Structures are given as C-alpha cells and as structure tokens.
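The values are calculated or read from the model by the stated rules, or taken from the named source; none is laboratory data. Since this is a predicted model, take the numbers as computed values, not measurements. For neighbour counting, all protein chains shown are included, and Cβ atoms are generated from backbone atoms with ideal geometry for every residue, glycine included. Heads up: the accessible areas ignore ligands, DNA and RNA and are worked out on the full protein's heavy atoms, side chains in. Shrake-Rupley method; radii C 1.70, N 1.55, O 1.52, S 1.80 Å.
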Amino acid sequence: IEPRATRLYDSTGRSVVPNYLEVVLGLRPGDVLVMPDGMRYTIRGAELGHGSTTIVFPVDYTDRQGQIHSDRAIRLPWTESTDVLSVNSGRLFIELTIDGFGVLKSNGVPMVNLYEPASMADDHYLVVDRIDGFSLYDIATKLPDLLTADAIRNLKEFALQTWRFTEIADFASSQIVLDRTTGKWVLVDWAGAKSTSMIFDHLNPAEHPVIR
C-alpha cells in the first residue's frame with residue numbers, strides 16, 4: 001500500500017491548510033508529512049502527547065545528508081479550538097523554543113536536542129529527540145514506584161544543572177521526563193507566552209554561590 005502523503009501548509013509555507021486540525025488529528029502510522037522545505041517525515045506511532053499549543057508524534061526520516069533517523073519526534077502547532085490564531089500561537093511557541101534552546105544548552109541544562117534547523121526557519125515544526133520515559137508529574141501522581149533512590153539522586157543532579165536560571169518558562173513537572181534508557185532526567189519543553197527577553201534575561205551566574 002502506497003503511504004499517504006499529507007501536507008499541512010500551502011506551497012508558500014506561510015498558511016496552514018483549511019482543515020489543518022482535522023488533518024493533524026487524522027495522522028496515522030505510515031502517513032508521510034511533506035513539509036514546505038521538501039523534508040518528508042513518516043509517522044511511526046500514535047500521538048506522544050499534546051499541550052495547548054503543540055502536538056507530538058514519533059517519526060522516521062532521512063536527513064539532508066542521507067542519514068536515516070528512527071529515534072526522533074516531530075512537534076507541530078496545535079490547538080484544541082478551531083481558531084486559526086490559536087494555531088499561529090503554536091507557531092509562536094515553536095519560535096520561542098528555538099530562541100531559548102541555545103541559552104539553555106550552553107549552560108548545561110539536560111534537554112532534548114533540536115534538529116533540522118533549516119526546517120525551523122519559518123516556525124513550521126520542530127524535530128526533537130524521542131524520549132522513552134515518564135514525566136515527573138506522572139511518576140509522582142500515578143507511578144510512585146519509579147521514584148527510586150537512583151531517580152531521586154538524578155533528580156537532584158538535574159536541579160543542580162538548572163540552578164543558574166531563576167525562571168524557565170513552561171518549566172513544570174510534566175515537562176521533565178525520566179529517560180528509561182539512561183536513567184537521567186531531561187527537559188522536553190521550555191517556552192511559554194512571554195518574550196524571550198523576559199524568559200532568559202534572568203541568567204546572572206555571578207549573583208549565585210557555587211552549589212555543591
């Protein structure tokens with residue numbers, strides 16, 4: 001059976017298709033997303049999760065250097081309403097995520113990587129690491145047996161690696177995930193409805209003592 005090719009944007013890449021939300025909700029394993037930049041991403045499973053502005057699916061794809069990746073996920077603008085402006089707010093969220101990535105990464109915050117930077121130029125989508133794990137929120141409320149001594153020790157390590165920031169927008173227990181492969185905690189989401197200057201200008205390492 002020929003894979004179903006799906007487009008979410010018009011040929012200019014500036015506007016979503018009229019039935020964008022319906023198309024996104026209808027994505028199934030094997031469907032191929034064709035993006036305005038020519039990249040193609042094959043959906044490899046059910047939705048991994050969604051918030052108020054983006055929705056995430058596992059994907060396989062071949063990058064511009066011809067390398068195949070099967071351990072990635074794609075984050076798309078999303079809304080639970082039919083308001084196109086809400087979809088656009090998802091694109092703003094993606095823009096803020098890109099803006100904050102360099103600052104957080106360069107200061108040692110354990111986090112998912114962003115890939116395909118050329119694809120993100122117009123804020124259509126993000127390609128990130130696919131993490132096999134559970135969020136701190138889910139563990140604390142539903143899976144307390146996973147909060148082992150090692151998990152707690154690694155959570156303290158995560159806290160020490162993020163101490164320089166007095167604020168990281170959208171930083172919540174649901175956005176910190178315990179990677180079952182490495183046993184480490186990883187930040188998977190880090191933006192919100194604030195300007196990046198408000199989010200990241202609070203970095204003042206000189207004002208903080210060294211934490212041991």
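Selection over the stretch 35-52 of residues that are open to solvent by less than 30 Å² (accessible area, probe 1.4 Å) and in a loop (DSSP other than H, G, I, E, B) gives a count of 3. Sub-9 Å Cβ pairs linking a first residue in the stretch 19-41 that is touching a residue at least 40 places away in the same chain (Cβ under 8 Å) and more than 13 Å from Tyr125 (Cβ to Cβ) to a second residue that is in a loop (DSSP other than H, G, I, E, B) and not basic (Lys, Arg), at least 6 apart or interchain, are Leu21/Trp78; Leu21/Thr79; Leu21/Glu80; Leu21/Ser81; Leu21/Thr82, ordered by first then second residue. Scanning the stretch 53-76 for residues that are crowded, with 17+ Cβ neighbours inside 10 Å, of a type in the set (Val, Ile, Thr) and not in a loop (DSSP other than H, G, I, E, B) yields Thr54, Ile55, Val56, Val59, Ile74. When Ala206 is tested against (1) over 19 Å from Gly100 (Cα atoms); (2) out of contact with any helix residue (DSSP H, G or I) (no Cβ under 8 Å at 6 or more places or on another chain); (3) hydrophobic (A, V, I, L, M, F, W, C); (4) modelled with pLDDT of 90 or more, exactly one condition is not met: (4). Restricting Leu160, Leu187 to those that are modelled with pLDDT of 85 or more and open to solvent by 60 Å² or more (accessible area, probe 1.4 Å) reduces the list to Leu160.
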